[in-house]
Amino acid sequence: MKYLTLLIFSIFLSACATTEQQMFAAESNWFELGKYDGEQGFNEKSQKDLTKLGDNIDLASLDVEQYQKGYQEGLDSYCVLSNAWVLGATGQPYSGVCENRQNGWQFHENWVSGRHSQVGSL
């Protein structure tokens with residue numbers, strides 16, 4: 001039952017993320033979409049990925065540069081060392097988005113340390 005609840009919750013969260021991303025794309029709010037992706041620790045989207053977010057996207061308004069600026073700002077929030085351990089301890093995935101940033105290796109080490117802690121199993 002515990003795993004079923006976790007699975008349903010995970011599906012719900014991923015559906016929300018997709019809806020949030022599609023909303024920003026439909027509004028041509030590329031900066032906020034990038035910021036959202038960065039804050040969530042998602043991998044940066046390519047131009048091709050951005051065009052696939054929905055049918056309501058105005059391709060003429062696609063601004064990859066604004067998306068990238070927002071993404072970097074979002075990573076500034078996500079890649080804080082104090083967040084890494086908490087993300088690991090709570091079982092959150094980490095896809096290496098902080099690796100090329102200052103202290104990126106330390107972020108990864110903190111995440112691994114949190115992942116191996118006993119906090120998540122209490």
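The values are calculated or read from the model by the stated rules, or taken from the named source; none is laboratory data. On a predicted model such as this, the values are computed, not experimentally measured, just so you know. Ideal geometry is used to build each Cβ from the backbone, glycine not excepted, and the neighbour counts take in all protein chains shown.
Number of residues in the stretch 33-60 that are charged (D, E, K, R) and either assigned by TED's automatic domain parsing to the domain that holds Gly96 or surrounded by 18 or more Cβ atoms within 10 Å (Cβ to Cβ) (or both) equals 3.
The helices (runs of 4 or more DSSP H) located wholly in the stretch 25-91 that include 1 or more residues which are small (Gly, Ala, Ser), at pLDDT 95 or above and touching a Phe, Trp or Tyr at 6+ places or on another chain (Cβ under 7 Å) occupy 30-40, 64-78, 81-89. Here Gly70, Gly74, Gly91 are screened, and the one residue that is touching a helix residue (DSSP H, G or I) at 6+ places or on another chain (Cβ under 7 Å) and not assigned by TED's automatic domain parsing to the domain that holds Lys45 is Gly91.
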